[in-house]
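Reading through the structure tokens given below for one structure.
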């Protein structure tokens with residue numbers, strides 16, 4: 001009898017929609033990615049487990065909750081099954097830091113995979129990293145959805161840097177941008193974000209710039 005591995009993606013995040021780590025922002029992207037993975041690898045069984053606590057409010061709370069992963073693993077373990085748990089390699093993980101103030105993470109020799117957006121944001125470095133990821137995974141198109149309603153120019157400037165870099169002759173990557181101009185986008189639900197992402201996926205893969213489906217969110 002053939003054994004079919006079960007693959008469980010374990011993630012955790014904040015229940016409070018104040019930070020980029022909030023589940024309302026991240027879960028739709030993870031779930032849509034799993035939809036594609038299940039189609040590509042139909043013989044494997046994929047599950048998604050979300051670990052969170054209501055008191056995960058601050059960044060410190062979220063980091064402190066890493067113990068939830070080990071608790072989950074220890075509860076699932078049994079002697080009749082073979083469990084393999086995989087973590088990202090620390091030194092090969094891309095770290096995007098938005099902390100305030102000057103940081104030792106600016107030391108590229110000590111932290112070569114770190115990009116900082118505090119003080120003087122490294123928009124050009126981010127654009128190069130974005131393009132390198134596209135090349136690494138053979139991505140030829142991407143969609144950037146960003147919020148323009150809070151008056152913060154950060155996302156607009158970051159998008160402009162990415163567009164400028166990918167429009168060069170050596171890029172071979174097409175980037176579609178969809179700035180969200182409606183206040184209701186800020187407090188959108190997971191279902192709304194998932195709908196936007198699915199539409200973005202279709203638009204990106206067809207390389208169509210029609211905004212008919214996006215206008216309802218802008």
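Throughout, read-outs are computed from the coordinates displayed, never taken from laboratory work. These figures come from a predicted structure and were not determined experimentally. So basically every Cβ, Gly included, is an ideal-geometry build from the backbone, and we count neighbours across all protein chains shown.
Cβ crowding within 10 Å, taken as a proxy for footprinting-reagent exposure, orders 59, 134 from fewest neighbours to most as 59, 134.
Computing FRET efficiency as 1/(1 + (r/R0)^6) for residue 189 and residue 63, where r is the C-beta to C-beta distance and R0 is 22 Å, gives about 0.25.
List 6, 125, 78 from most exposed to least, where exposure is judged by having the fewest other Cβ atoms within 10 Å. List each step's numbers first, then the result.
Numbers: 6 11, 125 15, 78 7.
In increasing order of surrounding Cβ atoms, one gets 78, 6, 125.
Fully extending the segment from residue 167 to residue 71, taken as 0.36 nm per residue of separation minus the present Cα-Cα distance, adds 29.9 nm. Summarise the long-distance tail of P(r) for segment 1-87 by giving the % of C-alpha pairs beyond 22 Å. When every Cα pair of segment 1-87 is considered, 38 percent fall beyond 22 Å. Ordered by the number of other Cβ atoms lying within 10 Å of each residue's own Cβ, fewest first, 82, 145 fall into the sequence 82, 145.
With each label modelled as a point 7 angstrom along the Cα→C-beta vector, the residue 35-residue 135 pair spans 3.2 nm.
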